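> Attaching a single structure in C-alpha cells format; questions to follow.
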Amino acid sequence: MERTFIMIKPDGVNRGLVGEIIRRFEHKGFKLVGMKMMSVPRELAEKHYDALRERSFFPGLIEFITSAPVIAMVWEGENIVTFSRKLIGVTDPGTADPGTIRGDYGMTMGRNLIHGSDAIETAQREIHLWFNEEDLVDWHAVNHPWLYE
Ligand code: DAT
Ligand code: MG
C-alpha cells in the first residue's frame with residue numbers, strides 16, 4: 001500500500017484548519033499511520049525544500065515554515081500520492097479549484113496551508129526525513145473491506 005508525507009503548514013495550524021484537513025483525508029478513506037506536531041528546525045525545513053534552494057522565494061518559504069508549529073503526517077492508501085495532490089489542489093490557492101483544500105481555504109501562494117509529496121520517490125524521501133520508522137504505526141483499519149473490493 002502506498003504512503004505519502006502530508007504537512008499542515010503554520011497557517012493551517014493557526015487558522016484552526018487541522019481538524020478540517022484531517023477530516024478530508026479520513027473521510028476519503030485514507031489511513032493515518034504517523035502524526036506529530038512540531039516546530040520545524042531551520043535545517044529540516046531547508047532539507048525538505050532542498051530542490052527550491054535557488055528560487056527567489058526560498059528564504060521567505062523557510063521563514064514561513066519555521067514561524068509556527070506544523071502537523072507532520074504520513075497517510076496510506078491506494079494511489080495516495082497522486083490522489084492527495086488532487087485533494088490539496090494546485091500550488092496557488094488563487095487558482096486552485098473549489099472543492100480542494102487550497103481552493104476552499106487559501107488565498108495566496110505563500111500561505112497555501114498544506115504540503116503533499118509530489119511523487120512516490122519524493123514521498124519516500126520525505127517520510128524518512130520527517131519520521132523514524134518506529135514512529136510509523138502498522139495497523140489494520142476495520143473499514144478496509146468497505147473501502148477496497
Ligand atoms: P507544492 O507545494 O504545490 O508542491 P512546490 O513544491 O512547487 O509546490 O513549492 C513548494 C512551496 O513553495 C509551495 O507550496 C509554496 C512555495 N512556492 C512555490 N512557488 C512559489 C512562488 N512562485 N512564489 C512564492 N512561493 C512559492
Ligand atoms: Mg512540492
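The values are calculated or read from the model by the stated rules, or taken from the named source; none is laboratory data. Here the structure is a predicted model, which means the values were calculated and not measured. Note: ideal-geometry Cβ built from the backbone for every residue, glycine included; neighbour counts use all protein chains shown. Just the protein is used for accessible areas: all its heavy atoms, side chains included, with ligands, DNA and RNA removed. Shrake-Rupley method; radii C 1.70, N 1.55, O 1.52, S 1.80 Å.
> Taking just the alpha-carbon atoms of the chain, what radius of gyration and Dmax come out, in angstrom?
14.9, 47
> Then there's this: With θ taken as phi - 60° and the coefficients 6.51, -1.76 and 1.60, list the Karplus ³J(HN,Hα) couplings across the range 132-144 in order, rounded to whole Hz; mark glycine and proline as x.
Karplus-based 3J(HN,Hα) across the range 132-144 equals 7, 3, 6, 8, 9, 9, 8, 9, 9, 8, 5, 7, 3 Hz.
> If you don't mind, another one. Return the FRET efficiency for the residue pair Phe58, Glu20: r is the Cβ-Cβ distance, R0 is 25 Å, and the value is rounded to the nearest 0.05.
0.30
> Scan around Met35 for amide H atoms under 5 Å from its own, H built in the peptide plane at 1.01 Å from N, and keep only partners 5 or more places away or cross-chain.
Residues meeting the criterion, in which the H sits 1.01 Å from N, are Val74.
> Kindly provide the chymotrypsin sites (Phe, Trp or Tyr not before Pro) of the range 10-114 that DSSP labels as loop, not H, G, I, E or B, and whose Cβ sees at most 16 other Cβ atoms within 10 Å.
Here the chymotrypsin sites (Phe, Trp or Tyr not before Pro) that fit, given the DSSP loop and packing criteria, are Tyr49, Phe57.
> May I ask you to give the percent of accessible area on the range 20-74 that is carbon plus sulfur, with a probe radius of 1.4 Å?
Roughly 53 percent of what the probe reaches on the range 20-74 is carbon or sulfur.
> Further question on the same structure: Label the range 87-149 by shape, choosing from rounded, prolate and oblate, from the square roots a ≥ b ≥ c of the eigenvalues of the Cα gyration tensor; if a/c is under 1.5 it is rounded, and otherwise prolate applies when a/b is larger than b/c, oblate when it is not.
Oblate.
> Of Asp97, Asp135, Asp11, which is the most mobile in a GNM of the chain whose springs link Cα atoms less than 10 angstrom apart?
Most flexible of the set in this elastic network: Asp135.
> Moving on. Under 20 Å between alpha carbons, and skipping anything fewer than 8 positions from Lys86 in its own chain: which lysines qualify?
Within reach: Lys9, Lys28, Lys31.
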